[in-house]
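See below for the structure under consideration.
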Amino acid sequence: MNASTELLVDAFDRIREEVEVTVTGLTPDEIGTRVGPEANPIGWLVWHLTRVQDDHIAELAGRDQVWTKDRWYDRFALPFPPEATGFGHSTEEVEALGTPKADLLVGYHQSVHEQTVRYLGKVNVGDLAEPVDERWNPPVTLGVRLISVVAEDLQHIGQAAYVRGLLRSPTG
């Protein structure tokens, strides 16, 4: 590994740690609570950030997603097709996720994290400048795509942690 990929692994490690801290110990009701009529609950936020990471890293690595390869979609038993990641979900679709158990969310995220770290162990510093998506101007490089995943995941785990704080506050 090089300094760049070590930093990326550190970022993904921090996301994994925050997923565990945010989700562990929550009741199913807390996991599924929407603090506003169109707010995303903790369960959906963590599922979505993990699906995005799984989807994007699998594409970059040229491998199957953990979601399908390890049949996590069966364990979650969601009313969505296996390729769903949550992008563009309506409020009704967010609600349809229901209340997955904390250990299910953490387990799926841990499996995706392990695949991510394995992939990053094979990335060379020169690879980060290589285009991976030519549909944009300028084309998206591997480094930019990886930072986009980190940013998306950090945004959503921050939202989930905030909701946890609201639910667990003495006045919540």
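The values are calculated or read from the model by the stated rules, or taken from the named source; none is laboratory data. On a predicted model such as this, the values are computed, not experimentally measured, just so you know. A quick note on method: Cβ atoms are made from the backbone with ideal geometry, for glycine too, and the neighbour counts reach across all protein chains shown. These area figures cover heavy atoms from the full protein model, side chains too; ligands, DNA and RNA do not enter into them. Shrake-Rupley method; radii C 1.70, N 1.55, O 1.52, S 1.80 Å.
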Cross-chain or 6+ apart pairs with Cβ under 9 Å, the range 104-122 first and of a type in the set (D, E), then part of a helix (DSSP H, G or I) and open to solvent by less than 40 Å² (accessible area, probe 1.4 Å): E114/V66
Among the residues of the range 53-91 satisfying the criterion of being buried (at least 19 other Cβ atoms within 10 Å of the Cβ) and among the polar types (S, T, N, Q), which is farthest from the chain's Cα centre (by Cα)? Q65
In the range 73-94, anything touching a residue at least 24 places away in the same chain (Cβ under 8 Å), part of a helix (DSSP H, G or I) and over 11 Å from W47 (Cα atoms) is listed as R75, T91
Selected residue (only one of V163, V140, V94, V150 is touching a helix residue (DSSP H, G or I) at 6+ places or on another chain (Cβ under 9 Å), modelled with pLDDT of 95 or more and more than 26 Å from D10 (Cα to Cα)): V94
Filter the range 1-46 for residues that are part of a loop (DSSP other than H, G, I, E, B) and of a type in the set (V, I, T); the one that is least open to solvent (accessible area, probe 1.4 Å) is T33
Testing V66 on (1) in contact with a helix residue (DSSP H, G or I) (Cβ under 6 Å, 6 or more places away or on another chain); (2) of a type outside the set (K, R); (3) closer than 17 Å to V163 by Cα, one condition comes back false. Which one is that? (3)
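With respect to T33, is the statement that it is in contact with a Phe, Trp or Tyr (Cβ under 6 Å, 6 or more places away or on another chain), of a type in the set (S, T, N, Q) and at pLDDT 95 or above true? Working first, answer last.
On the way: in contact with a Phe, Trp or Tyr (Cβ under 6 Å, 6 or more places away or on another chain): no; of a type in the set (S, T, N, Q): yes; at pLDDT 95 or above: yes.
It is false that T33 is in contact with a Phe, Trp or Tyr (Cβ under 6 Å, 6 or more places away or on another chain), of a type in the set (S, T, N, Q) and at pLDDT 95 or above.
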